[in-house]
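Got a structure for you, questions after.
What follows draws every value from the coordinates through simple rules; no lab data is involved. Predicted model only: the values in this text are computed from it and were never measured. Glycine gets a Cβ as well: all are built from the backbone with ideal geometry, and neighbour counts include every protein chain shown.
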Amino acid sequence: MAAERKLGRGLDSLLGEARAHEGEEILSLALDQVHRSPHQPRHDFDEAALEELAASIRANGVLQPIIVRPGAVGYEIVAGERRARAAKLAGLAAVPAIVRRYSDEDTLVLSLVENIQRADLNAIDRASAYRRLVSHLNVTQEEVARRIGLDPSSVSNMIRLLDLPPEVQDLVRGGALSMGHARAILGLSDEIDRIHVAERVIREELSVRAVERLIRDGATAPKRRVTPRKPPQVMAIESELRGILGTKVRIEDRRGKGRIVIDYYSPEEFERLVGALRGERGFSRADL
């Protein structure tokens, strides 16, 4: 597979360090003709960092061309989306670009490897990029690790982050939880416990060591709320209704508003209860 072989040669070989190959030229492409690639693994761009790059571009221009390929409309960015975004912020109408005809597979690999090796991806986007490489290149995690120069355990641990609930992944993606916190939370098997501990980390500003102790000691379940005792008159009515209907009845009252909940445990009991409430005999569910 061509893309698989290229991955092992490194990013500079893939991108040619954004230098024009023989016979290529660097074009000036209008920014409104340049579009984001669907293979781009990065979802979040640091606004402050983009502003800094935009300021540099205003002063010095775009020093390194972006790489694009022809798209259905205009051009699709293969490498350099951050530069394109900053150029737009800087008020430029066009950017220097090299046009190459990459396949979908090559584009995927290039976009992923550029971000993995060059950009400060958050842990979740990085994990997604590794998993996409494994899936699309049909190779093992160990092979991906070897080809991008990482320890296999690093790739494996990163991909495991995708087992976290979406709510916890969002906290990692946004920087509220560190990679260390996330790995500690993976020590829990229950999804609700993982969410609860993640919330505690933020609320109580827990360190990674504190989270590890918390999980080791089993103190992860939220404290049960003490249910306020119902007024005696409400409890008396519940008891009376249970006696009349012959099943569990509870009244949930909130300042004069609420509901009466009547439990049933079989179709036959349902029919009996509805008949009792209507004061009818022989009432059937089909009559509803």
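Within 13 Å, Cβ to Cβ, of VAL62, how many net charges do the neighbouring residues add up to if Lys/Arg are +1 and Asp/Glu are -1?
Cβ neighbours under 13 Å give a net charge of +4.
Near the amide H of ALA94, under 5 Å away, which other amide H atoms are found, from residues 5 or more places off or on another chain, if H is placed in the peptide plane?
The list, which skips near neighbours in sequence, is LEU31.
With label points built 7 Å along Cα→Cβ from the Cα atoms of GLU25 and PHE45, find their separation and express it in nm.
Those two pseudo-labels are separated by 2.8 nm.
Set the Förster distance to 22 Å, then compute FRET efficiency between VAL139 and ASP104 from the Cβ-Cβ distance, nearest 0.05.
Given R0 = 22 Å and the Cβ-Cβ separation, E is 0.80.
Can you give the FRET efficiency to the nearest 0.05 for ASP151 and ARG203, using r as the Cβ-Cβ distance and R₀ = 35 Å?
Computed FRET efficiency for ASP151 and ARG203 comes out at 0.55.
Then there is this: Would you mind calculating the gained length between ASP170 and HIS196 on full extension (0.36 nm times residue separation, minus the Cα-Cα distance), in nm to one decimal? Mind showing how you got there, number by number?
Numbers: separation 26, 0.36 × 26 = 9.36 nm, distance 1.40 nm.
Contour length minus Cα-Cα distance gives 8.0 nm.
Still on this structure, please answer the following. With θ set to phi - 60° and the Karplus curve 6.51 cos²θ - 1.76 cosθ + 1.60, what are the ³J(HN,Hα) couplings of the range 125-140 in order, to the nearest whole Hz, using x for Gly and Pro?
Ordered by residue, 3J(HN,Hα) equals 5, 5, 4, 5, 5, 4, 5, 5, 5, 4, 6, 6, 8, 6, 10, 7 Hz.
Can you compute the FRET efficiency between GLN233 and ASP163 using 1/(1 + (r/R0)^6), with r the Cβ-Cβ distance and R0 = 45 Å? Round to the nearest 0.05.
E(calc), rounded to 0.05, equals 0.35.
OK, next. Quick one: what are the phi-derived ³J(HN,Hα) couplings along the range 185-199, Karplus 6.51/-1.76/1.60 with θ = phi - 60°, whole Hz, x for glycine and proline?
These are the phi-based 3J(HN,Hα) values: 5, 5, x, 8, 9, 8, 5, 5, 4, 5, 5, 4, 5, 4, 5 Hz.
Given points 7 Å out from each Cα along the Cα-Cβ axis, report the GLU52 to SER266 separation in nanometres with one decimal.
A separation of 7.1 nm, rounded to one decimal place.
Next question. Provide the packing ranking of 246-257, 52-63, 71-82, 189-200, i.e. peptides ordered by the mean count of other C-beta atoms within 10 Å per residue, highest first.
71-82, 189-200, 52-63, 246-257
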